[in-house]
Amino acid sequence: MAELRAGPASTPQTIPGVYMLGTFGLRPKATLSRRALGMAHALAERGWRFQLGTTPWDNPADAGACWIDGDVLVRNTHVTRPLLWPLAARELTRWATPFRPALVHLFKPKGFGDLAARRLARRLPVVVDMDDWEGDGGWNDVGGYGFLARRLFDWQERSWPRCGVVITAASQTLAERALELGAAPERVHYIPNGLTRARFGELAPQPGASGSFRALHGLGDDPLVLLYTRFVEFAPESIAAALAALRRRRPETRLVIAGGSADGRAEAALRGAAQRAGLNDAIVWLGWIEPRDLASITAASDVAIHPFDDTRLNASKSPVKLLELLASGLPVVTTAVGENRHVVEDGTSGLLAPPGDTEALAARVAELLAAPERRRAIGAAGRQRVERAFLWQGLAPLVETAYRDALGPATPSAGTGRAGRGEQR
């Protein structure tokens, strides 16, 4: 195998190494746990090496923690305070030396990971992953950041497309944004989110779980509509309006809410709207759930809703929760915003409703509640859709192409992983 060199400080490597950089903890956010590690596990099967370093400022309990996740060493900085960012960036940078990566893959062009990547870019090619609209017009407007943080994040996001060796974009909206910010078309790689085979298997339909879940919550045979959410994609009051519209068509329908917001304000707004509409008894609140519990909840539900308001932030997302719902075999009604339109084949693997139209959303849900056989067919097609197009093992060649573009034409084949040397699936 030809030698692989990663800049002046590197030594020859027989297996390409990728140093992944994050800017927050692996919990509770999903970018690192679902996207970065999903890529890493799939590419490890193809012979690549990975290490992930991040600063868990949003989950200080992980400060200084280190563990192995499958084939990937995960390291968390001891420093988590934003004012001490030079120390956190130094930790992240220092870990690259013994690992000797061929390239860096930065997840989110902002914060601690970004600052470490800028140092490492002096000697290593940097691939920049964009999975959200981070700056002005996106998370800067809703994230509750201070003035200086907003200015820093907007500058970080705007500057990388011009200087990153390769950009990986989770949505077509973000791929277009990278081009608008100065990236050359040949350097932008559209790579949507996916699920690992393990997660796909964990979400397999569990018909036997329906009765126990319903009995536990006293739900009887009422039609159940599931909302699996972090409450960041829609106005909470719109859910009460959609539920009211649905119950005018099917009065016995109940809404099961799995998940929660970061601060509880969205739940409070929804509870207030539900109380005003006389819907308190129609909602089952589960709060935050463990990922392993989703399959039993979907097994007990009849339809899932996945509403997105028509915003720039939502259009830029590649929705993992939608993939998980589809993978469970539960029929999903989502709104025609951004990547939702590419994931769901309307009428085949799910149903689409216009954004901002609660009556239309309710009508599409009622349409499925009235047709059990169609529900089963659409649910099965949704699961097949994920298996066919949105598993990380199938998306791995797209990531590998991005890495090879970053390393240049002399890049050797990866090792002889289970997929074989250089094999494309």
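Placing unit charges on the Cβ atoms only, positive for Lys and Arg and negative for Asp and Glu, gives the chain a dipole magnitude near 1020 debye about its Cα centre. The long axis of helix 392-407 is offset from the longest Cα principal axis of the chain by roughly 30 degrees.
Taking a straight line from the alpha carbon of K317, these aspartates and glutamates sit under 14 Å away, with near neighbours fewer than eight places off in the same chain left out: D129, D131, D132, E134, E176, E233, D309, E339. Here the calculated FRET efficiency for A215 and C66, from their Cβ-Cβ distance with R0 = 60 Å, stands at 0.90, rounded to the nearest 0.05.
Annotation: extensible slack from E373 through A389 equals 3.3 nm (criterion: 0.36 nm per residue apart, minus Cα-Cα distance). What does the charge dipole of the stretch 110-230 about its Cα centre add up to, to the nearest 20 debye, if the Cβ of each Lys and Arg holds +1 and the Cβ of each Asp and Glu holds -1? Charge dipole, the stretch 110-230, about its Cα centre: 660 debye, nearest 20. Ranking N140, M39, H105 by how far each Cα lies toward the positive end of the dipole of the chain (charges on Cβ) leaves H105 at the top. Projected over all directions and averaged, the alpha-carbon convex hull of the stretch 75-188 occupies 7.3 nm². Counted over the chain, the DSSP beta bridges are approximately 10% antiparallel. Of the chymotrypsin sites (Phe, Trp or Tyr not before Pro) in the stretch 275-368, the ones in a loop by DSSP (not H, G, I, E or B) with at most 15 other beta carbons within 10 Å are W288. Sequentially through the stretch 253-258, phi angles give Karplus couplings (6.51, -1.76, 1.60; θ = phi - 60°) of 5, 10, 9, 9, 10, 10 Hz, Gly and Pro residues having no value and appearing as x. Here the 3J(HN,Hα) profile of the stretch 352-365, calculated from phi with Karplus coefficients 6.51, -1.76 and 1.60 at θ = phi - 60°, is 10, 10, x, x, x, 10, 5, 5, 5, 4, 4, 5, 5, 5 Hz, Gly and Pro shown as x.
Between amide H atoms placed 1.01 Å from N, distances below 5 Å from I283 occur with L255, all of them 5 or more places distant or on a separate chain. In degrees between 0 and 90, to the nearest 10, how far off the longest principal axis of the chain does helix 111-120 point, with axes built from Cα atoms? Computed tilt is about 20 degrees. Extension gain for V142-A380 works out to 82.1 nm (0.36 nm per residue, less the C-alpha to C-alpha distance).
Between amide H atoms placed 1.01 Å from N, distances below 5 Å from L103 occur with G17, Y19, all of them 5 or more places distant or on a separate chain.
With a Cα-only, solvent-free Debye model of the stretch 304-365, what are the log10 I(q)/I(0) values at q = 0.23, 0.28 Å⁻¹? Log10 of I(q)/I(0), two decimals: -0.89, -1.28. Legend: Rg and Dmax of the chain, from Cα coordinates, 22.2, 70 Å. Across the stretch 123-139, coupling constants 3J(HN,Hα) worked out from phi with the 6.51/-1.76/1.60 Karplus curve, θ = phi - 60°, read 9, 9, x, 10, 9, 10, 9, 10, 10, 8, 7, 8, x, 4, x, x, 4 Hz, and Gly and Pro carry x. When each of the peptides 390-396, 48-54, 84-90 is scored by how many other beta carbons lie within 10 Å of its residues on average, the order from highest to lowest is 48-54, 390-396, 84-90. Can you list residues whose amide H is under 5 Å from A277's amide H, if they're 5+ apart or on another chain and H is modeled 1.01 Å from N? Here nothing satisfies the definition.
Taking every DSSP helix (H) stretch of at least 4 residues in the chain, weighting each as -39,500 (n - 2.57) and dividing the sum by the residue count yields a mean residue ellipticity at 222 nm of -11500 deg cm²/dmol.
Each value in this text was obtained by applying a stated rule to the coordinates, not by laboratory testing. All values reported here derive from a predicted model rather than from experimental measurement. Note that we place each Cβ from the backbone using ideal geometry, even for glycine, and neighbour counts take in every protein chain shown.
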